[in-house]
Amino acid sequence: FMNQQSPPPAPAPTITLQVELGERSYPIEIGPSLLNDRERIARLIIGKQVAVVTNTTVAPLYLQGFSQALKDAGKSVLEIILPDGEEEKNWASLMQIFDRLLSAKCGRKTTLIALGGGVIGDLTGFAASAYMRGVPFVQIPTTLLAQVDSSVGGKTGINHPLGKNMIGAFYQPQAVIADTMTLHSLPERELSAGLAEVIKYGAVIDAEFFKWIESNIGKLMARDNVALAYAIRRSCELKADVVRQDEREGGLRAILNFGHTFGHAIESGLGYGKWLHGEAVGCGMVMAADLSHRLGHISAVDKERVSALVRAAGLPTEAPNLGAQRWLELMQVDKKNEDGQIKFILMNPLGGHLVTGVPQEALLATLQQLASG
Ligand code: NAD
Ligand code: MG
């Protein structure tokens, strides 16, 4: 027994969690290399005819292997490859999906599968909600943001020239399959952008999770499969729990917009696309933490923990100087507002939340502190 060798490390196990929405409940499965797992695919994707919607960036990376697994599972596969980009989340792309489905005589039992980031997920989900008045839909999110945020909750849709995400539907998938291996090809900026939403859940819902992210941010940045799978699992659990309580965004779901009031102002103030959404949210969380501290809801130490974690996730912590007046204008158009008063999601305390209007002096002080460089 002297030369007994330690066994190789066990592969990361697959995590399954169930989103409880009555008869619209569905599983989320998280783990490495799920895309090529024929048995899992056969179990989660019902029906013989499937249409995979993806884009020109993701297709060369993952489409061939995934299509093969589908065929091995006995499926007949239609591939729909769209151009890449937020600006393609539009009516023309939607029509392209319908054109291909109708030309191929796809019927009501065709399952639409989204293979890609949030753009492909939102577009494909909306197509599934409308094609033949609704066909089965499966999400295979391949960005961290899509795995922790956009694939959970049932919001689907497209952009209109006059506004982002203005046309859409609530439509739940039959399953979400999050393959952590796909995150290894993600550009660094996109990984960080996804981490912003992960940090968000900790900051306003779960202090323990926030602490876990602080301890594991190095592993997450290094794309350790086990750490990623846990971060995705906990994020999905927390989001699913909020969605379960408020599926149609009546109230509680607003807390998922922590950091987003400031973030949206950055995105539209600089022009969409300059900063990634997650980068703007990262910086927005630092600003919201500063405001929470000014109003006495979190300690100076906790405020500092937020900016340190955002920085460690590779995200910006200093906002662009748009001028106080412009900042206020941009924040006034936020969807959460009522009667012209800007509503903020504050930390109260770390791991908890409060949705409220704030005194203008405090807001101006935060802008002065973080957006005047
Ligand atoms: P995205 O879909 O544009 O993906 C980002 C980039 O990464 C794209 O260029 C994409 O082609 C590429 N990519 C995707 N997977 C890859 C991989 N594995 N390896 C290499 N490159 C890969 O952006 P996103 O951040 O995933 O999603 C943003 C979209 O999600 C926005 O349209 C937003 O409105 C939407 N969204 C929706 C919800 C919702 O609840 N439905 C929530 C949040 C965001
Ligand atoms: Mg967001």
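Just so it is clear, none of the values below were taken in a lab; they were calculated from the coordinates. This structure is a prediction, so every number in the text was calculated from the model and none was measured. For neighbour counting, all protein chains shown are included, and Cβ atoms are generated from backbone atoms with ideal geometry for every residue, glycine included.
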Exercise. Quick check, is R311 closer than 25 Å to M221 by Cα, more than 16 Å from ligand 1 (Cβ to nearest atom) and surrounded by fewer than 24 Cβ atoms within 10 Å (Cβ to Cβ)?
Worked result: yes
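Rundown of residues vs (1) touching a residue at least 12 places away in the same chain (Cβ under 8 Å); (2) in a helix (DSSP H, G or I); (3) within 30 Å of L191 (Cα to Cα), yes/no style:
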| residue | (1), (2), (3) |
| --- | --- |
| R311 | no, yes, yes |
| P320 | yes, no, yes |
| P349 | yes, no, yes |
| V358 | yes, no, no |
| E361 | no, yes, no |
| A365 | yes, yes, no |
| Q369 | yes, yes, yes |
Seminar exercise, completed: Among (1) assigned to a loop (DSSP other than H, G, I, E, B); (2) near ligand 1 (Cβ under 9 Å from one of its atoms); (3) not basic (K, R), V135 falls short only on (2)
For this session: Please tell me if L256 is more than 16 Å from S150 (Cβ to Cβ), touching a helix residue (DSSP H, G or I) at 6+ places or on another chain (Cβ under 9 Å) and within 16 Å of ligand 1 (Cβ to nearest atom).
Result: no
For this session: Report, by residue number, each residue of region 27-66 that is exposed (fewer than 15 other Cβ atoms within 10 Å of the Cβ) and of a type in the set (S, T, N, Q).
Result: T56, Q64
Exercise. Out of R223, R248, R189, which single residue is surrounded by fewer than 22 Cβ atoms within 10 Å (Cβ to Cβ) and assigned to a helix (DSSP H, G or I)?
Worked result: R189
Seminar exercise, completed: Exactly one of D206, D149 is within 29 Å of Y131 (Cβ to Cβ) and charged (D, E, K, R), and that residue is D149
Exercise. Only one of (1) within 16 Å of ligand 1 (Cβ to nearest atom); (2) surrounded by 24 or more Cβ atoms within 10 Å (Cβ to Cβ) fails for V286. Which number is that?
Worked result: (1)
Exercise. Does A178 satisfy the criteria of being within 13 Å of ligand 1 (Cβ to nearest atom), assigned to a strand (DSSP E or B), under 17 Å from the mean Cα position of the chain (by Cα) and of a type in the set (A, V, I, L, M, F, W, C)?
Worked result: yes
